[in-house]
Amino acid sequence: MKHWLRGTWAVLRKDLRLELRSRYVLNALLVFVLSALLVVALAAGADSVDTRIQAGLLWIVILFTASLGLGRAFVVEEECNTALLLRLHTTGSMVYTGKLAYSFLSVLTVNGVLVMAFLVLLSVEVAHAGLLVVTLALGTLGLSGATTLLAAIIARTARSGPLLPMLLFPLLMPLLLAAVEATHLSLTGSVAGAWNAAASALAAMTGFTGVVISASVLLFDHVWHD
Amino acid sequence: MTLPREHPVARSFIDTHYRQIRLLIVLWMTAVLLGAFSFGGHWLNIPRISILEHTARNLYFHVPMWFTMMALTVVSAWHSMRCLRSGDAVRDIRARSAAQVAVVFGLLGLLTGSVWAHYTWYEGTSIWWNFDPKQTMATVQVLIYGAYFALRSALDDSAKRARISAVYNVFAFATVPFLLYVLPRQMESLHPGAEGNPAFSEITHPLMRLVFYPAVIGFIGVGWLLYHQRVRARKLEQQLENRQYTPL
Amino acid sequence: MMLLATALQMALDEVMLSQDKLYVVLAVVLIIWAGLIKYLFALDRKLGRLESAMAESESSASEQPASLAIP
């Protein structure tokens, strides 16, 4: 167990260090998020948009950002020919968990900035900040859990192109619907028991995240090793 | 000197009795069709309900599409799982063929549902498509298989293609139950059995079940026939490819 | 053009809703029938192509000189 944790931490630390050195992914994603938000805000116009649609727009931007940013996680290893080294020194589950932790942290950072900008640009008022934070954290975990395995899959393909969004979107439909529902509840002020109302959506998100991550751990070795 | 044959003797019961099974399914479906269209004083005269009128008979045709698609989805996921465990190429052929036939039934179910709903639930409006939970489910399932086929075409090496597409197939199969859980809470359904709607058993006359269940079995049988032939075609194709690459 | 489209739509509605909507059932059955038959024909064509390719490879294999054949 200790050995496993050390391996996972090593993979995570390596990715974090590489990222901090170049800041390529983080910078690119932040610029993408802000320009996408600007497009959304301008398209929405001056009229205030229904909170349900606001929640939907927020998650659409998150989904596109993740599918752009997380697709590179394993392609980089193949391109730099470091995949073989990783295969030799670590087991599949260490690589998966390390990459998952890295994806989670980077998407969480980007989403934090995104939500701040979203609240300001579309002048949204938050009724239940706690619920919004929990929804975002859970949604980000589920999103990175599913995307990490798919990113490993597309790293093995000859031509990736728009493959990741195509593989990802139909799978994420349940998570996305539940996340929009919970976000919607956190934005509307009228509901007193927002936590109770959001309970089924949060339960669905938790279950989805759990199943996706455990299925990924079980399946990852088949993708990772030849 | 004689050349060795690729497939010596190993022929299963299904292979030797394929024609009989096919005849059975065709006769069975003919009986279902006769049962579905007997009305006006004949046996199996089902009661009329307003709005539905004669279209209640669509129960025998539209709903089995969905059943057949789900059956083939389970078959596809099961063979993908076995393919991951054994690495057997035949498992990959079976998983892919089941997915292909599942898409055919999924599309037919969507199309027939759209026509049926337009003239009953949405009569007098111009609605052909509405995001009903069951409709959305079927659409997502078809999209997943679309992604599955796209992924397959992006992988060149056949062993790698079998393994990695099997991973995706199993992974997608694991997420589908959540759709069943989340969707009905998100949108209203007009299908029976949904919240606030009468259950299937309450609105269907017992006589209808006499045709409905055989229809489900019959259409699953037709789905199996198509699947079986798909598998055979793909096996032949592979045999041919092997011959071309390794000349005797 | 619009007029023609609405006229067609109305005519279609009239047919579909007549006879207690029996023609809706006919439409559904025809869609399924056409879909399955189309799929079956595509499959048959594929099998036919494979059969002829198979026969071709068999005849070319038998034409090979004996010295090239695997003992």
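The values are calculated or read from the model by the stated rules, or taken from the named source; none is laboratory data. Just so it is clear, the model here is predicted, and its values are computed rather than measured. Positions of Cβ are backbone-derived with ideal geometry, glycine not excepted, and every protein chain shown enters the neighbour counts. For the accessible areas, the whole protein counts, side chains as well, though only heavy atoms, and no ligand, DNA or RNA atoms are used. Shrake-Rupley method; radii C 1.70, N 1.55, O 1.52, S 1.80 Å.
With protein chains left intact and a 1.4 Å probe, residues in the protein assembly as shown average 51 Å² of accessible area per residue. Applying the Karplus relation 6.51 cos²θ - 1.76 cosθ + 1.60 with θ = phi - 60° to the stretch A:173-187 yields 3J(HN,Hα) values of 3, x, 4, 4, 4, 5, 5, 4, 4, 5, 5, 4, 5, 6, 8 Hz, where x marks Gly and Pro. With only the Cα atoms considered, chain A has a convex hull volume of 123 Å³ per residue. Note on the protein assembly as shown: with charges restricted to the Cβ of Lys and Arg (+1) and Asp and Glu (-1), its dipole about the Cα centre is near 1520 debye.
Look at the alpha carbon pairs under 8 Å that are at least 6 residues apart: their mean separation over the length of the stretch A:51-181 gives a relative contact order of 45 percent. Using the Karplus relation 6.51 cos²θ - 1.76 cosθ + 1.60 with θ = phi - 60°, the per-residue 3J(HN,Hα) values for the stretch A:58-75 come to 4, 6, 5, 5, 4, 4, 5, 4, 5, 5, 7, x, 8, x, 7, 3, 9, 4 Hz, with x marking Gly and Pro.
Farthest toward the positive end of the dipole of the protein assembly as shown, out of A:Asn27, B:Ile127, A:Leu5, is the Cα of A:Leu5, where the dipole comes from beta carbon charges about the Cα centre.
Axis angle, to the nearest 10 degrees, between helix A:2-22 and the longest C-alpha principal axis of chain A: 70 degrees.
In plain terms, the C-alpha convex hull of the stretch C:5-49 casts an average shadow of 4.1 nm² when viewed from every direction. Chains C and B together bury some 3400 Å² of accessible area, summed over both sides, with a 1.4 Å probe.
Roughly how many whole Å is it from the C-alpha centroid of the stretch A:26-79 to that of the stretch C:1-35? Each part reduced to its Cα centre gives a spacing of 43 Å. Once ligands and nucleic acids are excluded and a 1.4 Å probe is used, how much of A:Glu181 is accessible, expressed in Å² to the nearest 10? Here the residue's solvent-accessible area equals roughly 40 Å². Sorted largest first by accessible area at a 1.4 angstrom probe radius, with every protein chain in place, the residues B:His54, B:His17, B:His191, A:His3 fall in the order A:His3, B:His17, B:His191, B:His54. Here the stretch A:131-185 exposes an accessible surface that is 76 percent carbon and sulfur, computed with a 1.4 Å probe and the other protein chains kept in place. Legend: calculated FRET efficiency, B:Arg209 to B:Val26, from the Cβ-Cβ distance at R0 = 25 Å, rounded to 0.05, equals 0.65.
Size descriptor for the protein assembly as shown, Kirkwood hydrodynamic radius: 26.7 Å (Cα pairs only, one decimal). Considering only B:Pro206, A:Thr51, B:Phe105, and ranking their Cα positions along the charge dipole of the protein assembly as shown that arises from unit charges at the beta-carbon of Lys, Arg, Asp and Glu, the one farthest toward the positive end is B:Phe105. Rounded to the nearest 100, the interface formed by chains A and B buries 2700 square angstrom of accessible surface, both chains summed, with a 1.4 Å probe.
Heavy-atom accessible area with a 1.4 Å probe sorts B:Trp224, C:Trp33, A:Trp195, largest first, into C:Trp33, A:Trp195, B:Trp224. Peptides A:126-132, A:152-158, C:37-43, B:100-106 ranked from most to least packed give B:100-106, A:152-158, A:126-132, C:37-43, packing being the mean of other C-beta atoms within 10 angstrom over each peptide's residues. The magnitude of the dipole of the stretch B:8-242, with charges of +1 and -1 set on the Cβ of Lys/Arg and Asp/Glu and taken from the Cα centre, is near 860 debye. Between the listed residues B:Phe67, A:Ala152, A:Leu122, the Cα displaced farthest toward the positive end of the dipole of the protein assembly as shown, a dipole computed from Cβ unit charges relative to the Cα centre, is found at A:Ala152. From its DSSP helices (H runs of at least four residues, each -39,500 (n - 2.57)), the protein assembly as shown gives a residue-normalised ellipticity at 222 nm of -26500 deg cm²/dmol. With the whole protein complex present, B:Arg152 retains an accessible surface near 20 Å², based on a 1.4 Å probe. Among B:Arg163, C:Arg45, B:Arg22, A:Arg23, the order of accessible area from largest down is C:Arg45, A:Arg23, B:Arg22, B:Arg163, computed with a 1.4 Å probe on protein heavy atoms.
Estimated at the nearest 10 Å², the accessible area of A:Arg17 is 130 Å² with a 1.4 Å probe.
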